[in-house]
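Asks: My structure is below; once you've seen it, I'll send some questions.
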Amino acid sequence: MKKFLWVAAVVCFLPVNAKVTLPQLFQDGMVVQRGKPIPVWGKADAGETVTVCLNKKKAVATADSDGRWRVDLPAMKAGGPFELTVNEQRIKDVMVGDVWLLSGQSNIDVTIERVYPNYTDEIDQFSFDKVRLFRVQNETSTHGVKDDIRPTGINWKPLTKQNAWLFSAVGSFLGKRLFEEKGVPQGIIVNSWGGTPIEAWISADSLKKDYPMLLKRVEFFQNDNYVRAQMQANGEAGRRWNEMLDQADNVQQFILPSCQDADWQTVDQNDWSWRGVGSVWLRQHVHIDKQHAGKAARLLLGTLYDQDVTYLNGKRVGSTGYQYPPRRYDIPEGLLQEGDNVIAIRFINKGGAAHFIPEKPYMLCFGDDRFSQNPMPKDVIPLSPKWKCHVGAEMPSCPGGDVSLQNLPTTLYNAVLHPLAPYAISGIVWYQGESNTGNAAPYADYLKKLMGCWRDLWQDQQMPFVIVQLANYDGRQQTGFPRPITPQTEPMNSGWAQLREAQRNVAKADPYAELAVLNDLGETVDIHPLRKKEAAERIALCFDRLVYKNKKVKLSPEVVSVSVTGNHVQLTLDQPIQEGELRSFEVAGDDKVFHNVDAISKGNVITLLNPAITPRSVRYAWKDDPIMANVRSLTGLPMSSFELAIDK
């Protein structure tokens, strides 16, 4: 039985006792939550007395028979820096402010380095000592919950360009925005893992009744010998495959500027793909004039599928191991020569079709502004879409047995979520869903279970959640095969829209949740859109309403009622919107077949014009990539996609 006691005191005198251990969250520079009791916990010898002091407040506990102890310091106002003492341990530079937990998959992971070209001047000025960053180290557990997380590389570091470079861009901009607006210290805890499904973040207790087969999947991987063998075999297969590829490929010849490529096939990067497995080479000759010769530059190669190693004049200038990161390779002074220069790209593919991603920049950039892409640099040399192409080495498919434990149900809840509680926080950002678009039907139930078990864990049924809705993206791009980029205009079945609808419905039904709508911030060809500052600002607006109770803040427009007169449909919204002709509305009749309809807006009413059928349901922006959708609030926020039944 745990015994806790806290006592307010003006000064703390600490006895010298056996050393206690604290969770990884408790480190120099930490931020603790203002306005709530502050839990401090850890381990010690059974029966050990533990004395905790912070900001002239003291609490005492005795470790139980398992060595566990916890105290709850009284709620405090924002301030600091203070020193937290736990027996003989001293944690310095502790701030009291607001703490936020950001979780999900890769769009939370996207770093400041990735988005830097969009916000160069702002990021260069990052210097916020009272905004502290903490990154939870990735780990999994198939054997139940863990007591603590692994040590991590970013431990409550202040928000500077250097500290944030490999930290979440959404988290960095959110912390900056809230600090500038509220004026109190901000703690940003990022706990995310790219490509993971929502099931991985839900507790076993929440899944066992309705989804017992999901837990059977986890049980299969509770054999550590099997997992270890599979991981070793997968690693060895990858090493062997790469070894055979390098032996068969003529790397040293193809990178040379003198390599004879005149008889190579000429391909257009916008109408080309190589569907083999192995490697394929593309070379382009670029003329550099005297003005640019010898200067430092940045080579932009858009985004490539899948792996690349890129050379300039025989020198390796960059490589990327998977499809998503933008290829931005820095060219040192002296490498570009006057006259002919050769860019050689070695594509390495284990599946799908090697290809360039359209609508991305492909150029050489010069000058001090070469790191910016918003606006683009003034001094650029565009690359030609024409390349010389030659197969390097064709290979058999690489055998693989990657266990991917992070994608199994409960494994991330067990290892990286459960150990964070009961650390006091102000609210949670949940930005995930891309990995569930292939089967969106159960997502609403999953999301409710996730929010429920997290609130249970923190023993706070009113824990605020901001659900970040999936941004627009052409989901067909995930197949690994290039496709013509054309707007989606006809009615379609969309797993992305279905998942967005689940997010919308869950947020609307929960009084302690809000929805951040991003369906205008995405990119058709990139599942990781770069406009993370704008995403963070919309998340902050949600917290303004949820946490700071600012009811004057207007979020995205919502439909509050539907009325039908004859075949005319009117949608009444919760606020006025920008007036004019509207797109991306559809109606269906009794046959449930949807048809496009025109629409206009005035004030807070949208009228669907002259449907040719008796409408039974209406939907809006029901696309993977609803770039034609244009309903916006007076402040410019987009309306969420939706599907609504019309009562007969």
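Asks: From (1) surrounded by 15 or more Cβ atoms within 10 Å (Cβ to Cβ); (2) part of a helix (DSSP H, G or I); (3) out of contact with any Cys (no Cβ under 8 Å at 6 or more places or on another chain), pick out the condition that doesn't hold for Ser206.
Replies: Every listed condition holds for Ser206 apart from (3).
Asks: Residues that are more than 22 Å from Thr21 (Cβ to Cβ) and part of a loop (DSSP other than H, G, I, E, B): does region 96-104 have at least one? Spell out the reasoning first.
Replies: Of all residues in region 96-104, those more than 22 Å from Thr21 (Cβ to Cβ) come to 96-98, 100-104.
So of that shortlist, the ones also part of a loop (DSSP other than H, G, I, E, B) come out as none.
Within region 96-104 (the criterion being more than 22 Å from Thr21 (Cβ to Cβ) and part of a loop (DSSP other than H, G, I, E, B)), the answer is no, since none of the residues qualifies.
Asks: Another question, if that's okay. How about region 548-564: which of its residues are surrounded by 18 or more Cβ atoms within 10 Å (Cβ to Cβ) and either hydroxyl-bearing (Ser, Thr, Tyr) or farther than 30 Å from Pro615 by Cβ (or both)?
Replies: Ser556
Asks: Continuing with the same structure: For Phe543, indicate whether it is among the aromatic types (Phe, Trp, Tyr), modelled with pLDDT of 95 or more and over 22 Å from Gln498 (Cα atoms). Outline the logic, then answer.
Replies: Details: among the aromatic types (Phe, Trp, Tyr): yes; modelled with pLDDT of 95 or more: yes; over 22 Å from Gln498 (Cα atoms): yes.
Spelling it out, Phe543 is indeed among the aromatic types (Phe, Trp, Tyr), modelled with pLDDT of 95 or more and over 22 Å from Gln498 (Cα atoms).
Asks: All but one of (1) open to solvent by 10 Å² or more (accessible area, probe 1.4 Å); (2) assigned to a helix (DSSP H, G or I); (3) within 23 Å of Gly427 (Cβ to Cβ) hold for Ala540; state the number of the condition that does not hold.
Replies: If we test Ala540 against (1) open to solvent by 10 Å² or more (accessible area, probe 1.4 Å); (2) assigned to a helix (DSSP H, G or I); (3) within 23 Å of Gly427 (Cβ to Cβ), just (1) comes out false.
Asks: Something else: Please indicate, with yes or no, whether at least one residue in region 105-124 is farther than 30 Å from Thr303 by Cα, surrounded by fewer than 17 Cβ atoms within 10 Å (Cβ to Cβ) and among the acidic types (Asp, Glu). First the steps, then the outcome.
Replies: Kept after step one, since they are farther than 30 Å from Thr303 by Cα, are these residues of region 105-124: none.
No.
Asks: Taking region 246-258 on its own, how many of its residues are assigned to a helix (DSSP H, G or I) and polar (S, T, N, Q)?
Replies: First pass over region 246-258, keeping only residues assigned to a helix (DSSP H, G or I): 246-248, 251-254.
Now narrow it down to the ones that are polar (S, T, N, Q): 247, 252-253.
Of the residues in that region, 3 qualify.
Asks: Out of region 385-438, which residues are closer than 22 Å to Phe26 by Cβ and either among the β-branched types (Val, Ile, Thr) or touching a Gly at 6+ places or on another chain (Cβ under 7 Å) (or both)?
Replies: Selection gives Asn414, Val416, Ile425, Ile428.
Asks: Scanning for something touching an Asp or Glu at 6+ places or on another chain (Cβ under 6 Å), open to solvent by less than 20 Å² (accessible area, probe 1.4 Å) and at negative phi, does region 265-278 turn up at least one residue?
Replies: Initial filter on region 265-278 (touching an Asp or Glu at 6+ places or on another chain (Cβ under 6 Å)): 276, 278.
Those left that are additionally open to solvent by less than 20 Å² (accessible area, probe 1.4 Å): 276, 278.
Filter again for at negative phi, leaving 276.
Yes, because at least one residue in region 265-278 is touching an Asp or Glu at 6+ places or on another chain (Cβ under 6 Å), open to solvent by less than 20 Å² (accessible area, probe 1.4 Å) and at negative phi.
Asks: So if I check each of Ala612, Ala599, which one is out of contact with any helix residue (DSSP H, G or I) (no Cβ under 8 Å at 6 or more places or on another chain), part of a strand (DSSP E or B) and either free of Cβ contacts under 8 Å to residues at least 24 places away in the same chain or open to solvent by 60 Å² or more (accessible area, probe 1.4 Å) (or both)? Step through it out loud before you land on a result.
Replies: On the way: Ala612 fails: part of a strand (DSSP E or B).
On inspection, the qualifying residue turns out to be Ala599.
Asks: Let me spell it out: the conditions are (1) part of a strand (DSSP E or B); (2) open to solvent by 50 Å² or more (accessible area, probe 1.4 Å), and Val50 meets all of them except one. Which number is the exception?
Replies: (2)
Asks: Sticking with this structure for a sec: Can you pull out every residue in region 565-589 that is open to solvent by 60 Å² or more (accessible area, probe 1.4 Å) and within 30 Å of Glu181 (Cα to Cα)?
Replies: Asp574, Pro576, Gln578
Asks: If you go through region 156-177 one residue at a time, how many are surrounded by fewer than 18 Cβ atoms within 10 Å (Cβ to Cβ) and in a loop (DSSP other than H, G, I, E, B)?
Replies: Total meeting the criteria: 2.
Asks: Do we find a residue being under 25 Å from Pro117 (Cβ atoms), of a type in the set (Gly, Ala, Ser), buried (at least 17 other Cβ atoms within 10 Å of the Cβ) and at pLDDT 95 or above anywhere in region 516-527?
Replies: Yes, some residue in region 516-527 is under 25 Å from Pro117 (Cβ atoms), of a type in the set (Gly, Ala, Ser), buried (at least 17 other Cβ atoms within 10 Å of the Cβ) and at pLDDT 95 or above.
Asks: Further, regarding this structure: Give the residue that is farthest from Gly29 (Cα to Cα), with candidates limited to residues of region 178-194 that are more than 18 Å from the chain's Cα centre (by Cα) and open to solvent by 30 Å² or more (accessible area, probe 1.4 Å).
Replies: Step by step, filter region 178-194, then rank; the result is Glu181.
Asks: For region 287-402, please list each of the strands (runs of 3 or more DSSP E) lying entirely inside it that holds at least 2 residues being open to solvent by less than 10 Å² (accessible area, probe 1.4 Å).
Replies: Numbers: elements: 297-301, 307-312, 315-320, 328-331, 339-349, 362-366, 379-382, 386-394.
Result: 297-301, 307-312, 339-349, 362-366, 386-394.
Asks: Is one or more of the residues making up region 222-245 acidic (Asp, Glu), part of a loop (DSSP other than H, G, I, E, B) and out of contact with any Phe, Trp or Tyr (no Cβ under 7 Å at 6 or more places or on another chain)? Quick ask: steps written out before the conclusion?
Replies: We begin by selecting, within region 222-245, every residue acidic (Asp, Glu); these are 224, 236, 243.
Adding the requirement that they be part of a loop (DSSP other than H, G, I, E, B) leaves none.
Within region 222-245, none of the residues are acidic (Asp, Glu), part of a loop (DSSP other than H, G, I, E, B) and out of contact with any Phe, Trp or Tyr (no Cβ under 7 Å at 6 or more places or on another chain).
Asks: For Asp340, indicate whether it is in contact (Cβ under 8 Å) with a residue 24 or more places away in the chain, of a type in the set (Asp, Glu) and touching a helix residue (DSSP H, G or I) at 6+ places or on another chain (Cβ under 7 Å).
Replies: Numbers: in contact (Cβ under 8 Å) with a residue 24 or more places away in the chain: yes; of a type in the set (Asp, Glu): yes; touching a helix residue (DSSP H, G or I) at 6+ places or on another chain (Cβ under 7 Å): no.
Taking the combined requirement at face value, the residue does not satisfy it.
Asks: Let me ask you something else. Out of Lys146, Lys130, Lys92, which single residue is under 17 Å from Thr21 (Cα atoms), open to solvent by 50 Å² or more (accessible area, probe 1.4 Å) and not in a loop (DSSP other than H, G, I, E, B)? I'd like the intermediate steps shown before the answer.
Replies: Details: Lys146 fails: not in a loop (DSSP other than H, G, I, E, B); Lys130 fails: under 17 Å from Thr21 (Cα atoms).
Sole residue among the options that is under 17 Å from Thr21 (Cα atoms), open to solvent by 50 Å² or more (accessible area, probe 1.4 Å) and not in a loop (DSSP other than H, G, I, E, B): Lys92.
Asks: Please count how many residues of region 454-472 are at negative phi and either open to solvent by 10 Å² or more (accessible area, probe 1.4 Å) or in a loop (DSSP other than H, G, I, E, B) (or both).
Replies: Selection size over region 454-472: 13.
Asks: Additional query: Which ones in region 583-596 are in a strand (DSSP E or B) and farther than 10 Å from Tyr620 by Cβ?
Replies: Filtering region 583-596 for residues in a strand (DSSP E or B) gives 583-588, 594-596.
Result: Val587, Ala588, Phe594, His595, Asn596.
Asks: Does Pro197 count as open to solvent by 10 Å² or more (accessible area, probe 1.4 Å), modelled with pLDDT of 95 or more and either in contact with a Ser or Thr (Cβ under 7 Å, 6 or more places away or on another chain) or of a type in the set (Val, Ile, Thr) (or both)?
Replies: Values: open to solvent by 10 Å² or more (accessible area, probe 1.4 Å): yes; modelled with pLDDT of 95 or more: yes; either in contact with a Ser or Thr (Cβ under 7 Å, 6 or more places away or on another chain) or of a type in the set (Val, Ile, Thr) (or both): yes.
Considered against the rule, which asks whether it is open to solvent by 10 Å² or more (accessible area, probe 1.4 Å), modelled with pLDDT of 95 or more and either in contact with a Ser or Thr (Cβ under 7 Å, 6 or more places away or on another chain) or of a type in the set (Val, Ile, Thr) (or both), Pro197 comes out as yes.
Asks: Okay, moving on. Out of Lys378, Lys295, Lys360, Lys290, I need the residue that is in contact with a Ser or Thr (Cβ under 6 Å, 6 or more places away or on another chain) and farther than 27 Å from Asn250 by Cα. Which one? Outline the logic, then answer.
Replies: Numbers: Lys378 fails: in contact with a Ser or Thr (Cβ under 6 Å, 6 or more places away or on another chain); Lys295 fails: in contact with a Ser or Thr (Cβ under 6 Å, 6 or more places away or on another chain); Lys290 fails: in contact with a Ser or Thr (Cβ under 6 Å, 6 or more places away or on another chain).
Lys360 is the lone residue from the list that is in contact with a Ser or Thr (Cβ under 6 Å, 6 or more places away or on another chain) and farther than 27 Å from Asn250 by Cα.
The values are calculated or read from the model by the stated rules, or taken from the named source; none is laboratory data. For clarity, every value in this text was computed on a predicted model and none was experimentally measured. Reconstructed Cβ throughout: ideal geometry from the backbone, glycine too, with neighbour counts over all protein chains shown. Surface areas here come from the heavy atoms of the whole protein model, side chains and all, with no ligands, DNA or RNA. Shrake-Rupley method; radii C 1.70, N 1.55, O 1.52, S 1.80 Å.
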